[in-house]
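Novice: Next up is a structure, given as structure tokens.
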Amino acid sequence: MDAKEIIARRVAQEIQPETLVNLGIGLPSMVANFLPKDVHVFFQAENGVIGLGARPPEGMEDPDLTDAGGGFVTAVPGAASIDSAMSFGLIRGGHLDTTVLGGLQIDERGYLANWMIPGKMVPGMGGAMDLVAGAKQVIVSMVHTAKGKPKILHECNLPLTAQRRVSLIVTEMAVIEPVEDGLLLKETGPGVTVDDVISATEANLIIRGEVPSMQL
Amino acid sequence: MKQAIKADAAADLIPDGASLLIGGFMGVGSPHRLIDALVAREARDLTVIANDTAMPGTGIGKLITSGCVSKVIASHIGLNPETQQKMISGEIDVDLVPQGTLVERIRAAGVGLGGILTPTGIGTLVEEGKQSITVDGKDYLLETPLAGDFALIAAHQADYVGNLEYSLTAHNFNPIMAMAGKTVIAEPHTIVPVGVISPDSVKTPGILIDHLLERAH
């Protein structure tokens with residue numbers, strides 16, 4: 001199992017039945033593949049659909065039905081199409097249960113940076129700032145390090161996405177919950193020790209007793 | 001009743017230097033024939049207000065490539081490297097706005113509000129230079145209305161009153177922008193006789209539409 005699959009499988013365990021869920025582009029979108037069959041949720045794409053379905057078979061694409069990355073999708077039975085004001089109204093208004101996003105950096109306050117690297121990459125924040133500010137539950141899913149360098153830091157040095165403590169960080173090495181006094185290490189990844197996590201993390205981790213391994 | 005006009009006639013209504021609200025999300029639900037006509041007439045110095053600048057060769061990306069645009073107000077330019085290059089070289093001024101804030105600023109302009117208060121952007125670069133207001137103990141940013149000289153709206157279907165119906169994720173910014181342009185030009189895929197679109201299905205009432213493009217051929 002590669003790092004991304006470990007992360008997607010573990011995040012999928014956090015998704016509650018009968019909720020509204022927004023998955024970011026890339027790694028977060030893989031989470032949909034690992035939901036148990038009996039867990040029914042509606043996926044929102046912020047460009048305007050509640051009830052996003054899988055990619056259609058070749059030749060059956062609808063040019064007016066895409067996800068927020070511009071990829072062709074389908075709509076599940078019971079889906080609704082909405083405009084951008086309602087879509088972001090759902091996000092900011094407390095109607096979106098869970099958002100799963102990627103991250104560039106995250107720090108001991110639980111603050112996320114994921115929208116720009118000054119001087120290098122300025123894609124724009126798109127919907128990320130609204131999602132992190134507004135969703136009930138914010139899950140950051142990312143590989144633990146970038147080219148061997150920690151991404152979980154004392155303090156983010158990239159521009160923040162929001163001044164909000166995220167709910168959970170899931171990497172291939174660890175599950176970490178930002179709490180009032182720092183980052184609580186809740187689980188370790190397959191074949192990973194607590195010491196491995198500590199050495200791959202710049203931020204201080206709170207360790208309370210025995211840390212269990214992810215059950216995938 | 002409205003007389004449907006050709007795309008080049010519509011593009012001639014739009015002077016150089018105009019600010020344009022353009023519907024669409026990565027090219028989906030963008031007024032493609034209007035964009036092509038603006039490129040063909042070599043429009044210059046346009047301000048484009050839109051969710052994104054799509055990709056080179058698609059939708060608003062064509063306006064960027066053709067040098068029609070001097071300013072962009074958008075939430076995302078990540079999939080158009082040309083916009084990023086022109087931003088770095090100083091050819092295009094880019095103002096990045098969170099997506100939910102962008103749509104609400106446009107909505108505010110269209111519905112007569114003096115701005116909106118949003119929690120999005122508090123404690124980030126987006127807050128710089130803006131007023132923060134505390135309501136019931138929670139901090140919000142005051143974001144101002146954002147109107148355009150023109151709104152270029154793509155719709156699935158219109159009638160000759162100008163009533164518009166949209167399709168799936170091609171709604172996006174279109175119904176909101178249709179309220180916020182001083183002059184509103186609608187580009188429907190098809191046009192049906194008045195009465196065919198059920199009143200319940202009309203998302204943009206025809207009274208908002210100044211010019212109706214002929215149907216796609």
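Values quoted throughout were computed directly from the atomic coordinates according to the rules given, and no laboratory measurement underlies them. Nothing here was measured: the structure is a model prediction, and the numbers come from that model. So basically every Cβ, Gly included, is an ideal-geometry build from the backbone, and we count neighbours across all protein chains shown.
Novice: Can you sort A:K37, A:K4 from fewest to most other Cβ atoms within 10 Å of each residue's own Cβ?
Specialist: A:K37, A:K4
Novice: Once you place label points 7 Å from the Cα toward the Cβ at B:D36 and A:F72, how far apart are they in nm?
Specialist: Simple spin-label model gives 2.0 nm for this pair.
Novice: Let me ask something else. So for segment B:1-110, Kirkwood radius off the Cα pairs, Stokes-Einstein at 10 °C and 1.306 mPa s: how many µm² s⁻¹?
Specialist: 113
Novice: Just the Cα atoms of chain A: what Rg and Dmax do they give in Å?
Specialist: Here Rg and the maximum Cα pair distance are 17.3, 55 Å.
Novice: For segment A:121-200, max minus min Cα coordinate along each principal axis, in Å, sorted largest first?
Specialist: Sorted largest first, the three principal extents are 36, 28, 21 Å.
Novice: So what's the Cα pair-distance distribution over segment B:146-199, bin width 10 Å, in %?
Specialist: 26, 52, 20, 1
Novice: When the helix-only estimate is applied to chain A (DSSP H runs of n ≥ 4, each -39,500 (n - 2.57), divided by the residue count), what is the mean residue ellipticity at 222 nm, nearest 500 deg cm²/dmol? The partial results should precede the final answer.
Specialist: Values: 4 runs with 32 residues, N = 216.
My calculation for chain A gives -4000 deg cm²/dmol from helical runs alone.
Novice: Give the angle, between 0 and 90 degrees and rounded to the nearest 10, that separates the Cα long axis of helix A:3-12 from the longest principal axis of the Cα atoms of chain A.
Specialist: The angle comes out at about 70 degrees.
Novice: Please compute the average number of Cβ atoms from other chains found within 10 Å of each residue's Cβ in peptide B:66-74.
Specialist: That works out to 0 on average.
Novice: Lysine pairs, Cα distance under 18 Å, 8 or more residues apart or cross-chain: how many in segment B:4-213?
Specialist: 4
Novice: Another question, then. So how do B:Y166, B:Y160 line up by other beta-carbon neighbours within 10 Å, fewest first?
Specialist: Numbers: B:Y166 26, B:Y160 15.
The order, fewest Cβ neighbours first, is B:Y160, B:Y166.
Novice: OK, next. Using only Cα atoms and rounding to the nearest 10 degrees, what angle (0 to 90) does helix B:99-111 make with the longest principal axis of chain B?
Specialist: Once rounded, one gets 60 degrees.
Novice: Also, quick follow-up: Over chain A, what is the relative contact order in percent, taking alpha-carbon pairs closer than 8 angstrom and at least six residues apart? Don't jump to the answer; show the numbers that get you there.
Specialist: Values: 472 pairs, mean separation 39.9, N = 216.
Computed value for chain A: 18 percent relative contact order.
Novice: Sticking with this structure for a sec: Suppose R0 equals 56 Å; then what is the FRET efficiency for A:K136 and B:H217 from their Cβ-Cβ distance, rounded to the nearest 0.05? Before the final figure, lay out the partial values.
Specialist: Working: r = 47 Å, r/R0 = 0.85.
Calculated transfer efficiency: 0.75.
Novice: Could I ask something else about it? Just grab the label-to-label distance for A:H154 and A:K37, each label 7 Å out from Cα along the Cβ direction, in nm (one decimal).
Specialist: 5.2
Novice: Between segment A:142-166 and segment B:136-184, what is the C-alpha centre distance in whole Å?
Specialist: So the separation of the two Cα centres works out to 35 Å.
Novice: Now for a separate question. Roughly how many Å is it from the Cα centre of segment A:17-87 to that of segment B:82-112, as a whole number?
Specialist: 26
Novice: Here is a further query. To the nearest µm²/s, what D does Stokes-Einstein give for segment B:46-140 at 25 °C and 0.890 mPa s, using the Kirkwood radius over alpha carbon pairs as Rh?
Specialist: 169
Novice: For chain B, what does the helix formula give at 222 nm: sum of -39500 (n - 2.57) over DSSP H segments with n ≥ 4, over the residue count, nearest 500 deg cm²/dmol?
Specialist: Taken over chain B, the calculation gives -5500 deg cm²/dmol.
Novice: Other chains' Cβ within 10 Å of B:119-131 residues: what's the mean?
Specialist: 5
Novice: Counting each pair of different Cα atoms once, what's the Kirkwood radius of chain B in Å, rounded to one decimal?
Specialist: One decimal place: 17.6 Å for the Kirkwood radius.
Novice: State the number of lysine pairs found in chain A whose Cα atoms come within less than 20 Å, restricting to pairs 8 or more positions apart or on distinct chains.
Specialist: Close lysine pairs found across chain A: 8.
Novice: When ranked by the protection proxy of mean other Cβ atoms within 10 Å per residue, highest first, what sequence do the peptides A:172-178, B:113-119, B:44-50 form?
Specialist: Ranked from most to least packed, the peptides come out as A:172-178, B:44-50, B:113-119.
Novice: Now, a different point. Among B:F173, A:F42, which comes first, second and so on when ranked by fewest other beta-carbon atoms within 10 Å?
Specialist: Ranking B:F173, A:F42 by Cβ neighbours within 10 Å, fewest first, gives A:F42, B:F173.
Novice: Report the Stokes-Einstein translational diffusion coefficient (µm² s⁻¹, integer) for the protein assembly as shown, Rh taken as the Kirkwood radius over Cα pairs, at 4 °C with viscosity 1.567 mPa s.
Specialist: Values: Rh = 22.6 Å.
Once the numbers are plugged in, D ends up at 57 µm²/s.
Novice: Within 10 Å of each Cβ of A:101-107, how many other protein chain Cβ atoms are there on average? Mind showing how you got there, number by number?
Specialist: Working: counts 0, 0, 0, 0, 0, 0, 0.
Rounded to a whole number, the mean comes out at 0.
Novice: Could you work out the relative contact order of chain B, using alpha carbon pairs under 8 angstrom and six or more residues apart, expressed as a whole percent?
Specialist: 23
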